[in-house]
Amino acid sequence: MEIKTEKRDNAQIILVSGMLDASNYQKFEEDISLLIQGGPDKIVFNLSNLEYMSSAGVRAFLKTNRTIKSKEGVMVFCCLKPFIKEVFEIAGLDVGFKIFADVESAVQFLDA
Amino acid sequence: MFDLIIPVAWELFQIIAVITLCSYFIIRTDVFNRLIQENGSIKDKILIILFFGVISIYGTMSNIVLDGSPANVRDLGPVIAGLCFGPWIGLGSAIIGAIFRYSFGGITAVPCTLTTLLAGTLAGIVWIINKKRYIGTYYALIFISLIELLHLGLIFLIAGDGPEVMAIIDNMWTIMLPLYLFGIAIFSIFYKNYTNEKKNREELERERVELQFAQEIQESFLPKTAPSISGYDISASTYPAREVGGDFYDFIHFEDGEVGFVIADVSGKSVPAALFMALSCTAIRISTGWIRAPSSIAEEVNTIISKYAESGMFFSMVYGVISPLNGVLKYINAGHPPPVLFKKEGSHDELQRTGTIIGFLEGQKFLEANVSLEKGDFIVCYTDGVTEAQTFKGEMFGKDRLIKTIDENRSKTAQEVSNLIITGIKKFVGENPQFDDITILVIKRTE
């Protein structure tokens, strides 16, 4: 699991790569909470390079969402691979989160 | 020249060997340990005073005579004793060494004796100033150097600066100080290694106890046996991963004969996951006390859990209620891997999501679905530990293999089906360790 971040307009784009599972979700939560500390509160999770995610990963995103919401921010997702899309659908994350096909539409949504 | 150097080198080697061995040995004794933790008995204190006293005597006796003047490491024992255990033990061992030294006499008898006594006491005072802990390699080296400087000063002051005294002082720089520094350094290194080892051991032990605690909580909340309902064959098995997760299942017997069941996956590990599992399990059980409809149970539990979601507690679950007589199963699926219904005639269906993960969306409404179990039909519920069991290469067991395994064993009993799935997973992953809890519920209508 690797995280890269980039600012575009008012949004912070967080690129998550590799595997997100029980072995590293705690580190993921820590890294993300550092990234969003005091930073911009409009976040796009770009999952184009996320190969695998288990229920621990789902939990990590839900927890991050709590933190962002408590700061009145918003987080959206983009570029889900088929496997990740399936995990999102099983858990019902597609109901509570906005998911976009590409970074541009995600940023556009946050800018509107 | 060699005639002189070889015996001296040999004696030096002996002293170094003795210091090294003694340091290694004493640090590993129970007496040393109890005293370091400040719960040594009087007997322990006497033993350690004797030990370092004897080391001090050895320091005097191992006199290396160079150019006719003696050099020794008498103060090493009392200094280490003082730095480790305080002024009383420092002084105690110093007294033993000092008396022995004084009995030898000679022009430096008084300053040498005095230095040893001061060395043990001052080291003990340093221990007190450093909050009753060993001061570490660096400061211990400085301390021993200062003590030997004091030694030097006292010799000058008391014994004067005659040629005999000057020869002794010469030896102090060339042999004694390096030996002292070596002695302190080797002791400090052993001591540090030892404390690190101990810390690691304690850490491991703490983790082990936590894990056991988590396991006990988890086990105490799981039903000991699957319910026996006439006309049905039910099995429930869970295989916790080494780092216990929060899978759980439960069965609820209603007075009118209906049976509720739940399979759930609380994400997280160890104690937090176990505690959250206990909370979730309790929330479900209590809700079933006055609510029957699975969708209302899910909504109630979701409201309860959402209150705690600040701490990142979420879980997926399938909750269903079976009417054993007509085989109707009403259920909700809150973001859980869909259970699979195997029909007698050979087809299979999935019990898809009817709501999202519990704790995610406050106030969410759950849909309720129902299916009918005919004679010979069965349902397999599982957690993602089953489908996501991985080989070394990262290949996953997956839903297709799961369904195939079950399809090939339709005629088996519920427990056999469950066991065969586990066997299949084990065969598939090989030596790769299990990362996530695996839980399987099989409900089969036999009549």
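Rounded to two decimals, what is the ratio between the C-alpha radius of gyration of chain B and 2.2 N^0.38 Å?
Output field value: 1.66.
For the pairs A:Lys42/A:Lys63; A:Lys69/B:Lys307; B:Lys43/B:Lys132, note any where the Cα-Cα span goes beyond 18 Å.
Working: A:Lys42/A:Lys63 16 Å; A:Lys69/B:Lys307 14 Å; B:Lys43/B:Lys132 20 Å.
The pairs that break the limit, which is 18 Å between Cα atoms, are B:Lys43/B:Lys132.
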Along the dipole axis of the protein assembly as shown (charges at Cβ: +1 for Lys and Arg, -1 for Asp and Glu; origin at the Cα centre), the most positive-end residue among B:Asn302, B:Trp290, B:Ile263 is B:Trp290
Taking B:Thr20, A:Thr5 and ranking on accessible area (1.4 Å, protein atoms only), highest first, one gets A:Thr5, B:Thr20
The percentage of the accessible area of the range B:252-369 (probe 1.4 Å, all protein chains present) made up of carbon and sulfur atoms, to the nearest whole number, is 56 percent
Semi-axes of the protein assembly as shown from the Cα gyration tensor (sqrt of 5 times each eigenvalue, largest first, whole Å) come to 73, 28, 21
Taking placed amide H atoms and a strict 5 Å upper bound, the residues 5 or more places from B:Thr446 or on another chain that come that close are B:Tyr232, B:Asp233, B:Gly376
One would report the Cα pair-distance distribution of the range A:2-111, bin width 10 Å, in %, as 15, 54, 30, 1
Residue-ordered couplings for the range B:216-227, obtained by feeding phi - 60° into the Karplus form 6.51 cos²θ - 1.76 cosθ + 1.60 and rounding to whole Hz (Gly and Pro as x), are 5, 4, 4, 4, 5, 8, 7, x, 6, 9, 6, x
Computed over the Cα atoms of the range B:222-445, the Rg and Dmax in Å are 16.7, 50
Scalar couplings 3J(HN,Hα) for the range B:262-278 by Karplus 6.51 cos²θ - 1.76 cosθ + 1.60 (θ = phi - 60°), nearest whole Hz, x for Gly and Pro, are 9, 10, 8, 10, 8, 6, x, 9, 6, 4, x, 5, 5, 5, 5, 4, 4
Any lysines whose Cα falls less than 21 Å from that of B:Lys343, other than same-chain ones fewer than 8 residues away, would be B:Lys330, B:Lys375, B:Lys399, B:Lys404, B:Lys412, B:Lys444
From the Cα centre of the range B:35-65 to that of the range B:244-277, the distance in Å is 59 Å
Inverse of <1/r> over all distinct C-alpha pairs of the range B:335-428, i.e. the Kirkwood Rh in Å, gives 14.8 Å
Straight-line reach check, B:Lys131, cutoff 18 Å on alpha carbons, 8 or more apart in-chain or any other chain, hits among lysines -> B:Lys192
Ordering B:274-280, A:105-111, B:78-84 by per-residue average of other C-beta atoms within 10 angstrom, highest first, gives B:78-84, B:274-280, A:105-111
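Need the full-extension length gain, B:Val65 to B:Leu367, defined as separation in residues times 0.36 nm minus the C-alpha distance. One decimal, nm. All intermediate terms of the calculation are to be shown ahead of the outcome.
Numbers: separation 302, 0.36 × 302 = 108.72 nm, distance 9.50 nm.
So the extension gain works out to 99.2 nm.
Taking every residue in A:47-57, how many Cβ atoms of other protein chains lie within 10 Å of its Cβ, on average? Walk me through the intermediate numbers first.
On the way: counts 0, 0, 0, 0, 1, 4, 1, 10, 19, 8, 1.
Per-residue shielding by partner chains comes out at 4.
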Semi-axes a, b, c in Å (a largest) for the range B:2-205, each sqrt of 5 times a Cα gyration tensor eigenvalue, come to 30, 18, 14
For A:Asp21, B:Asp256, B:Asp400, the accessible-area ranking with a 1.4 Å probe, largest leading, is B:Asp400, B:Asp256, A:Asp21
Expected field for B:Val126, accessible surface area in Å² at 1.4 Å probe radius, rounded to 10, holds 40 Å²
Once phi for every residue in the range B:336-346 is put through the Karplus expression 6.51 cos²θ - 1.76 cosθ + 1.60 (θ = phi - 60°), the whole-Hz ³J(HN,Hα) values, with Gly and Pro written as x, are 9, x, x, x, 10, 9, 9, 8, 3, 6, x
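Please compute, for peptide B:357-366, the average count of beta-carbon atoms on other protein chains lying within 10 Å of each residue's beta-carbon.
Values: counts 10, 1, 3, 12, 4, 0, 0, 3, 0, 0.
Partner-chain Cβ atoms within 10 Å, mean over residues of B:357-366: 3.
To the nearest whole number, what is the average tally of beta carbon atoms from other chains within 10 Å of the beta carbons of peptide B:406-413? Before the final figure, lay out the partial values.
Numbers: counts 0, 0, 0, 0, 0, 0, 0, 0.
Across the residues of B:406-413, the mean count of other-chain Cβ atoms within 10 Å is 0.
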Magnitude of the Cβ-charge dipole (Lys and Arg +1, Asp and Glu -1) of chain B about the Cα centre, nearest 20 debye, reported as 520 debye
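Treating only the Cβ atoms of Lys and Arg (+1) and Asp and Glu (-1) as charged, compute the dipole magnitude of the range B:92-179 about its Cα centre; round to the nearest 20 debye.
Values: 4 positive and 4 negative charges, 117 e Å.
Once rounded to the nearest 20, the dipole reads 560 debye.
In a shell of Cβ-Cβ distance under 13 Å around A:Val44, excluding A:Val44 itself, what net charge do Lys and Arg (+1) and Asp and Glu (-1) give? Don't jump to the answer; show the numbers that get you there.
On the way: positive: A:Lys4, A:Lys7, A:Arg8, A:Lys42, A:Lys98; negative: A:Glu6, A:Asp9, A:Asp41, A:Asp102, A:Glu104, A:Asp111.
Charge balance near A:Val44 sits at -1.
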Quick calc, the protein assembly as shown, dipole around Cα centre from Cβ unit charges on Lys, Arg (+) and Asp, Glu (-), nearest 20 debye, gives 740 debye
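The values are calculated or read from the model by the stated rules, or taken from the named source; none is laboratory data. Please read these numbers as outputs of a predicted model, since none were measured by experiment. Counting neighbours? That spans all protein chains shown, and the Cβs are built from the backbone with ideal geometry, glycine included. When the accessible area is computed, the model is the full protein with side chains, heavy atoms only, and any ligands, DNA or RNA have been set aside. Shrake-Rupley method; radii C 1.70, N 1.55, O 1.52, S 1.80 Å.
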